Every structure is written in structure tokens, then in C-alpha cells.
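Right, one structure below, let's go through it.
The values are calculated or read from the model by the stated rules, or taken from the named source; none is laboratory data. The model shown is predicted, which means the values in this text are computed figures rather than measured ones. As a convention, Cβ positions derive from the backbone with ideal geometry for all residues, glycine included, and neighbour counts pool all protein chains shown. Side chains included, ligands, DNA and RNA excluded: accessible areas come from the protein's heavy atoms. Shrake-Rupley method; radii C 1.70, N 1.55, O 1.52, S 1.80 Å.
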Amino acid sequence: MLVKQMSVFVENTTGRLADLTKILAENDIDIKASTIADTVDFGILRCIVEDPEKATRILKENGFTASITEVIAVSVEHKPGGYHKIMALLAEAHIGVDYIYSAINSDEGEAVIIMKMEDPKKAIEVLTNNGVKLFCMKDLAK
């Protein structure tokens, strides 16, 4: 249940993110989930797209630095303690979380979070053994 995430270095200049999203739009690539972490000179756009290999290739052809990493997409109940349930399971298994962001699509009563962690295979095992729903790419691409 690993999902491929595209990471793109984006210069902190006015319009650069618009350049990136225009390229994706012109190539019929939809961003399903995203986050940006920034520094003074650049940001890192992390996003889920339906075809990360194609998107990465196209962005590289247009002068962007892009790569693919594997993340996990997890269902979180929309209620107090829903998020904590996931974090507690990972903490009990001694699995560190590098970062988290939310996805746009969700079914009623659940949210989707994207997580990058130290040991994704162990995390998948722990979460699925505890009844946590994980999403694959085709689930997110709806």
C-alpha cells in the first residue's frame, strides 16, 4: 500500500509555483494532495499525482528538480481521538514519522493523511493489523 509521491524543488520567486502548476495542467496532470515546506531561497512541493513518473519527467524536461519517494495514505476518523489512534499505534511500534499532510479527497466520516516515515513497511503492517484503512494510488486518483 505504498503510494508514490513527487517532490519538486521550487525557487521562492513570484510566479514559479504558477509555472509548475501550468506545466502540470497543460499535460493533464491533477494534483490530488500537496504540501509545501519552504526556506528562504526555495520550497519543496510534495504532492500526489496520478502518474508521478510522467509528471516528474515532464517537470525535469522543463528545468525543475523532481524526484519520487514512497509514502503511506491513511484513513483517519473525523472524531476526537481519530488522529491520536494512528499516532499512538506508530509510537508504540517505535516508528518515527518524518512528516504528514492531508489529501483533498475523503469519504464522509473519514479524512486522508499522507505520511512519510522511517519504516513504511513496518508501519503498514502495524496499521493494517490494527484495522486502519490504507489507500493505494487508484483510491486517491478518483
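Residues being charged (D, E, K, R) and open to solvent by less than 60 Å² (accessible area, probe 1.4 Å): count how many of those fall in segment 1-32. Don't jump to the end; show me each part of the working.
The initial filter retains those residues of segment 1-32 that are charged (D, E, K, R), namely 4, 11, 16, 19, 22, 26, 28, 30, 32.
With the extra rule that they be open to solvent by less than 60 Å² (accessible area, probe 1.4 Å), the set shrinks to 16, 32.
Number satisfying all stated conditions: 2.
Residue by residue through segment 24-44, note down the ones that are assigned to a helix (DSSP H, G or I) and farther than 21 Å from Met137 by Cβ.
From segment 24-44, those assigned to a helix (DSSP H, G or I) are 24-26; that's our starting set.
Answer for segment 24-44, where residues must be assigned to a helix (DSSP H, G or I) and farther than 21 Å from Met137 by Cβ: just Glu26.
Which one of the conditions (1) of a type outside the set (A, V, I, L, M, F, W, C); (2) modelled with pLDDT under 95; (3) surrounded by fewer than 15 Cβ atoms within 10 Å (Cβ to Cβ) does Glu92 fail to meet, given that it meets all the rest?
(2)
Within segment 51-87, work out how many residues are open to solvent by less than 20 Å² (accessible area, probe 1.4 Å) and assigned to a helix (DSSP H, G or I).
7
For segment 33-43, what are the residues that are without any contact (Cβ under 8 Å) to a residue 40 or more places away in the chain and either within 12 Å of the chain's Cα centre (by Cα) or crowded, with 17+ Cβ neighbours inside 10 Å (or both)? Steps first, please.
Taking segment 33-43 as the starting set, the residues that turn out to be without any contact (Cβ under 8 Å) to a residue 40 or more places away in the chain are 36, 38-43.
Within segment 33-43, Ile36, Gly43 qualify.
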